[in-house]
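A.B. asks: Here's a structure for you.
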Amino acid sequence: MEFFGFLVLCLCYMLVFIRVEVAALRNHAALSEVSQPYRTAFHFQPSKNWMNDPNGPMYYKGVYHIFYQYNPYGALWGNISWGHAISYDLINWVNLDIALIPNEPYDINGCFSGSATIFPNGEPAILYTGADTNKHQVQNLAFPKNVSDPLLTEWVKSSLNPILSPPEGIDAMSYRDPSTAWMGQDGQWRVVIGSELDHHGLAILYKSKDFRHWIRTSSPLHSSNKTIMWECPDFYPVSTNGKNGLDTSAIQKNIKHVLKVSFKTHDYYILGKYDPKSDKYDVDIDFMDSRGSLQYDYGRFYASKSFYDGHKKRRVLWSWINEGDSESDDNKKGWSGLQSIPRSIWLSENGDQLVQWPVKELKKLRKRKVHYKNKELKGGSLFQISGITASQADVEITFSLSNLNEAEVLTSDVIDPQILCTQKNASVSGSQGPFGLLVLASKDLTEHTAVFFRVFRSANSFRVLMCSDQKRSSLRQEVNKTIYGAFLVLDPRHEKISLRTLIDHSIVESFGGDGLACITARVYPKLAIEEQAQLYVFNNGSQSLIISSLSAWSMKKAQIVSIGKRRKHIK
Ligand SMILES: *[C@@H]1O[C@H](CO)[C@@H](O)[C@H](O)[C@H]1NC(C)=O
Ligand SMILES: *[C@@H]1O[C@H](CO)[C@@H](O)[C@H](O)[C@H]1NC(C)=O
Ligand SMILES: *[C@@H]1O[C@H](CO)[C@@H](O)[C@H](O)[C@H]1NC(C)=O
Ligand SMILES: *[C@@H]1O[C@H](CO)[C@@H](O)[C@H](O)[C@H]1NC(C)=O
Ligand SMILES: *[C@@H]1O[C@H](CO)[C@@H](O)[C@H](O)[C@H]1NC(C)=O
Ligand SMILES: *[C@@H]1O[C@H](CO)[C@@H](O)[C@H](O)[C@H]1NC(C)=O
């Protein structure tokens with residue numbers, strides 16, 4: 001029986017890959033009608049059309065699944081369905097049929113975001129938001145048609161739908177995005193739903209014995225009168241010792257709980273102690289605290305969702321990266337939106353923040369490499385990293401500084417890093433910085449995106465600023481060139497300053513201080529495309545510094561292919 005099952009599986013995959021070839025050719029033909037300099041090579045994208053939030057990521061029977069908000073009919077938001085893709089390594093993907101389409105009264109105006117929960121018996125379920133006939137938001141349940149199928153190709157919506165409708169006092173247009181559920185000490189399921197009350201953010205908490213009938217608890221899991229409506233809440237434990245991830249229902253010593261919510265184009269998170277008996281959540285530092293707000297990423301990164309990968313004992317984070325060009329550009333390209341590189345996420349050693357790093361499988365795509373060690377970079381100089389494909393690359397660099405006492409003085413303690421990066425952009429020279437990378441640069445440097453650092457002195461300590469400056473990323477006037485910034489909580493007297501940047505045609509995804517701060521940018525160069533793109537290290541501070549090490553790799557294209565065997569129609 002075992003062997004027979006294996007044989008059938010093999011035959012199935014052979015069939016899949018024959019289809020894949022054909023579909024890949026077809027997609028190539030469809031997109032090659034327009035030139036596609038902004039199409040990415042190793043970030044996940046469907047072959048065309050609109051994509052936004054990642055939904056219901058999970059690992060099931062040896063297969064990674066990602067679902068996503070998808071418009072099957074166009075490059076702009078609309079007709080929202082759940083696209084579905086599978087992978088064996090989180091890097092190469094096969095796009096399957098659409099998993100959920102809006103075709104029932106309770107989701108006819110859209111199958112909005114939601115999450116997957118894996119039951120103790122190993123079987124998954126999806127909770128998602130539907131926009132009903134009145135465009136009211138309700139919560140729905142769906143199960144796999146065949147739990148023996150590791151690809152989970154077909155999903156069946158529950159006959160009990162909608163299982164939750166907006167409670168009294170809650171606006172029916174502000175009630176969405178159920179989280180992955182977790183089980184409390186009493187054996188009952190919990191789930192949170194993003195909402196608002198008096199225009200303030202709210203995570204409504206529900207409990208259930210059977211996952212089908214849910215009761216709202218007397219108080220929400222958390223709320224804030226300093227924010228607007230919360231979207232896409234994610235609530236999960238992290239270990240206080242080590243990088244291993246934990247199952248969403250894990251109850252044990254030495255953990256903290258993360259609450260992430262999405263608002264105002266960013267994903268903010270807080271840390272705290274959750275009591276699985278009383279459901280009380282005691283936060284360390286709340287949202288919008290005067291001491292600063294923690295974000296997963298300080299650039300373009302929204303509506304993220306994490307899942308526990310039991311196979312590799314890690315928590316993996318996905319996020320939607322939107323476009324910074326116009327709707328007419330998107331219609332011309334035929335697509336809009338991509339997903340971040342999946343990131344491992346864990347608690348920092350001091351327990352004050354999360355740390356993120358691209359999943360290690362990404363290294364499989366690295367090919368041609370250049371490497372330098374202990375290279376001096378004088379103030380006001382730059383040098384080119386040649387020998388790799390600069391439009392499709394992975395770069396890791398570590399800087400070591402001396403003469404820190406020469407650093408500029410930072411007068412105020414509470415300064416918005418984004419404002420600081422905007423005032424002191426890459427072309428403003430300083431003392432310790434700006435230094436970093438110029439990516440997607442044209443030969444004459446008229447176009448470039450600068451990912452860089454500056455070190456400031458304040459009283460008895462130092463502050464390390466990380467910036468991503470898109471101001472000169474494109475000769476095109478009309479694209480968004482917002483500058484992003486973050487502080488790196490590290491002490492440059494004792495630690496080197498590292499940067500890893502993933503460059504993929506129109507995306508620049510950067511990890512500073514070994515993942516202490518992340519900044520993702522979208523850029524649309526006119527000159528610095530394909531083979532024309534160049535890569536440099538620069539130092540426009542007055543102090544010289546040492547590049548302790550620099551490794552840069554050309555990246556292979558990931559295999560992302562589509563097999564659409566059933567064309568479903570929206571009623
Ligand atoms: C939604 O789908 C219909 C076809 O069913 C199409 O005519 C319409 O343009 C689509 N809307 C958007 C915004 O893509
Ligand atoms: C369920 O999936 C398994 C594994 O792919 C397959 O062998 C079986 O035929 C499927 N059952 C049905 C009813 O489709
Ligand atoms: C806002 O919330 C905080 C903490 O929950 C509370 O102490 C404060 O009174 C609230 N402020 C207003 C204006 O409601
Ligand atoms: C950089 O900042 C300086 C000073 O704030 C400003 O004068 C200059 O226009 C900025 N340069 C760019 C390219 O934005
Ligand atoms: C570095 O400084 C030089 C000289 O002031 C300037 O021409 C150049 O644009 C600066 N580099 C960046 C990345 O702004
Ligand atoms: C550019 O994008 C950012 C989000 O990254 C947004 O906050 C800002 O409003 C946009 N700017 C313009 C001019 O559209």
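The numbers here are math on the coordinates, done by the rules we state, and not lab data. The structure displayed is predicted, hence computed values, not measured ones. Backbone-built Cβ (ideal geometry, glycine too); neighbour counts: all protein chains shown.
A.B. asks: Hey, got a sec? Which GluC sites (Glu not before Pro) in the range 133-212 land in a DSSP loop and have at most 16 other Cβ atoms within 10 Å?
C.D. replies: Those that pass, being in a loop and sparsely packed, are 154, 168.
A.B. asks: Here are some pairs, 373/556; 48/260; 378/496; which of them have Cα atoms lying more than 22 Å apart in this structure?
C.D. replies: Flagged as over cut-off: 373/556; 48/260.
A.B. asks: Using the Cβ atoms and a cut-off under 15 Å, what net charge is assigned to the surroundings of residue 278, where Lys and Arg are +1 and Asp and Glu are -1?
C.D. replies: With Lys, Arg at +1 and Asp, Glu at -1, the neighbours total +1.
A.B. asks: While we're looking at this one, here's another question. Tell me the volume per residue, in Å³, of the convex hull enclosing the alpha carbons of the range 344-419.
C.D. replies: 207 Å³
A.B. asks: State, as an integer percentage, the relative contact order of the chain based on alpha-carbon contacts under 8 Å between residues 6 or more apart.
C.D. replies: Normalised by residue count, the contact order of the chain is 15 percent.
A.B. asks: How far, in nm, would the chain grow between residue 363 and residue 171 when pulled straight, counting 0.36 nm per residue and subtracting the alpha carbon separation?
C.D. replies: Residue separation times 0.36 nm, minus the Cα-Cα distance, leaves 64.5 nm.
A.B. asks: Can I ask one more? Test of understanding: express the Cα radius of gyration of the range 101-253 as a ratio to 2.2 N^0.38 Å, with N the residue count.
C.D. replies: Relative to the rule-of-thumb radius for its length, the range 101-253 sits at 1.06.
A.B. asks: For residue 374 paired with residue 228, estimate the spin-label separation in nm (one decimal), with each label point 7 Å from Cα along the Cα-to-Cβ line.
C.D. replies: Label at residue 374, label at residue 228, 5.4 nm between them.
A.B. asks: A further question follows. Which lysines, if any, have their Cα less than 19 Å from the Cα of residue 61, not counting same-chain residues under 8 positions apart?
C.D. replies: 145, 312, 313
A.B. asks: Here is a follow-up. Taking a virtual spin label 7 Å from the Cα of residue 383 along the C-beta vector, which residues in the range 513-553 bring their backbone nitrogen under 19 Å of it?
C.D. replies: 534-553
A.B. asks: Once phi is turned into θ = phi - 60°, what whole-Hz ³J(HN,Hα) does the Karplus curve with 6.51, -1.76 and 1.60 give for every residue of the range 310-326, x standing for Gly and Pro?
C.D. replies: x, 5, 10, 6, 9, 9, 10, 10, 10, 8, 7, 10, 8, 8, x, 9, 9
A.B. asks: Give me the base-10 log of I(q)/I(0) for the range 246-387 at each q in 0.11, 0.15, 0.21 Å⁻¹, Debye formula, one uniform scatterer per Cα, rounded to two decimals.
C.D. replies: -0.63, -0.98, -1.30
A.B. asks: Through the Karplus equation 6.51 cos²θ - 1.76 cosθ + 1.60, θ set to phi - 60°, convert the phi angles of the range 137-145 into ³J(HN,Hα) values in whole Hz; use x for Gly and Pro.
C.D. replies: Per-residue couplings from phi come out as 8, 10, 9, 10, 10, 9, 10, x, 5 Hz.
A.B. asks: Return the lysines within reach of residue 481: Cα separation strictly under 17 angstrom, same-chain partners fewer than 8 residues apart disregarded; answer none if there are no such residues.
C.D. replies: List returned: 424, 471, 526.
A.B. asks: Calculate the length of the line joining the C-alpha centroid of the range 540-558 to that of the range 114-148, in whole Å.
C.D. replies: 45 Å
A.B. asks: Using modelled backbone amide H atoms (1.01 Å from N, in-plane), which distant-in-sequence or interchain residues come within less than 5 Å of residue 245's amide H?
C.D. replies: 314, 315
A.B. asks: Another one. Given the convex hull over the Cα atoms of the range 367-555, what projected area results after averaging over all orientations, in nm²?
C.D. replies: Computed as one quarter of the Cα hull surface, the answer is 9.5 nm².
A.B. asks: Continuing with the same structure: How far is it, in nm, from the label point at residue 213 to the one at residue 156 when both lie 7 Å from their Cα along the line to the Cβ?
C.D. replies: For the pair residue 213/residue 156, the computed spacing is 2.2 nm.
A.B. asks: Follow-up question, since we're still on this one. If one takes the longest principal axis of the Cα atoms in the chain, at what angle in degrees, from 0 to 90 and to the nearest 10, does the Cα axis of helix 2-31 lie?
C.D. replies: 60 degrees
A.B. asks: While we're on this one: Diagonalise the Cα gyration tensor of the chain and give the resulting equivalent ellipsoid semi-axes, square root of 5 times each eigenvalue, largest first, whole Å.
C.D. replies: Listed largest to smallest, the semi-axes of the chain are 39, 29, 22 Å.
A.B. asks: How many nm is it between the label spots at residue 423 and residue 77, if each spot is 7 Å from the Cα in line with the beta carbon?
C.D. replies: Placing both labels 7 Å beyond Cα along the Cβ direction yields 3.4 nm.
A.B. asks: Around residue 507, which amide H atoms from residues at least 5 apart in sequence, or from another chain, sit under 5 Å from its own amide H, with H modelled in the peptide plane?
C.D. replies: 523
A.B. asks: Then there's this: Going by average Cβ neighbours within 10 Å, how do the peptides 451-460, 345-354, 230-239 rank, with the highest at the top?
C.D. replies: Descending mean neighbour count gives 230-239, 451-460, 345-354.
A.B. asks: Right, something else. May I ask you to compute the full-extension gain from residue 278 to residue 198, defined as 0.36 nm times their residue separation minus their alpha-carbon distance, rounded to one decimal in nm?
C.D. replies: 26.2 nm
A.B. asks: Among 437-450, 510-523, 133-146, how do they line up from the highest to the lowest mean number of other beta-carbon atoms within 10 Å?
C.D. replies: 510-523, 437-450, 133-146
A.B. asks: So for each of 278-284, 82-88 I average, over its residues, the number of other beta carbons within 10 Å; can you give me the resulting order with the highest mean first?
C.D. replies: 82-88, 278-284
A.B. asks: Roughly how many debye, to the nearest 20, is the charge dipole of the chain about its Cα centre, given +1 on each Lys and Arg Cβ, -1 on each Asp and Glu Cβ, and no other charges?
C.D. replies: 1280 debye
A.B. asks: Using alpha-carbon positions, what is the distance between the centroids of the range 245-320 and the range 354-419, in Å?
C.D. replies: 27 Å
A.B. asks: Right, another one. Kindly work out what percent of the DSSP beta bridges joining two residues of the chain are antiparallel, to the nearest 5.
C.D. replies: 95 percent
A.B. asks: Rg and Dmax of the range 51-358 over Cα atoms: what are they, in angstrom?
C.D. replies: 18.1, 54
A.B. asks: Dipole of the chain (Lys/Arg Cβ +1, Asp/Glu Cβ -1, origin at the Cα centre): which of 470, 535, 160 lies farthest to the positive side?
C.D. replies: 535
A.B. asks: Tabulate in residue order the Karplus-calculated ³J(HN,Hα) for the range 367-381, using 6.51 cos²θ - 1.76 cosθ + 1.60 with θ = phi - 60°, rounded to whole Hz; enter x for Gly and Pro.
C.D. replies: 10, 4, 10, 10, 9, 10, 9, 6, 10, 7, 10, 5, x, x, 10
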